[in-house]
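The values are calculated or read from the model by the stated rules, or taken from the named source; none is laboratory data. Since we're looking at a predicted model, the values are computed, not measured. Glycine also receives a Cβ, built like all others from the backbone with ideal geometry; neighbour counts cover every protein chain displayed.
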Amino acid sequence: MAQNGELTVRHFDPYSQALAKLERGFDQDARDASALISTGLVDPRELGRLFDAIAPNLYRFPAVDPASLRADIERIVAEHPPE
């Protein structure tokens, strides 16, 4: 959280942001998720691990297609190989 005068800025966890953006699926969202990885805010391996942790419970969210989201995560992880 940051405070500047009367303005308060709160950030969601960057991993949650990346997963939400990839699930939404717009081109800009994919670029945003990629930028979170490129800037070091999100480790691609950890992103995959966190998805694996929530995947068994995604049945509770019928609008989410787990297979499609997994494919998007695998694609973005492949675009950012470990150094």
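Computed values, structure above
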{"read-out": "Qualifying residue in segment 24-43 (condition: among the aromatic types (F, W, Y) and either more than 15 Å from I73 (Cα to Cα) or in contact with a Gly (Cβ under 6 Å, 6 or more places away or on another chain) (or both))", "value": "no"}
{"read-out": "Number of positions in segment 45-80 that are among the small types (G, A, S), within 21 Å of D13 (Cα to Cα) and over 13 Å from the mean Cα position of the chain (by Cα)", "value": "2"}
{"read-out": "Complete set of residues in segment 32-51 that are in contact (Cβ under 8 Å) with a residue 40 or more places away in the chain and among the small types (G, A, S)", "value": "A33, S34, S38"}
{"read-out": "Leading residue by the ranking (nearest to R49 (Cα to Cα)) among those in segment 6-25 that are not hydrophobic (A, V, I, L, M, F, W, C) and not in a helix (DSSP H, G or I)", "value": "D13"}
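Residues are listed down the side, and each one gets a yes or a no for (1) among the acidic types (D, E); (2) at pLDDT below 95; (3) outside any loop (DSSP other than H, G, I, E, B):
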| residue | (1), (2), (3) |
| --- | --- |
| L41 | no, yes, no |
| R45 | no, yes, yes |
| F51 | no, no, yes |
| N57 | no, no, yes |
| A67 | no, no, yes |
| R70 | no, no, yes |
| A78 | no, yes, yes |
| P81 | no, yes, no |
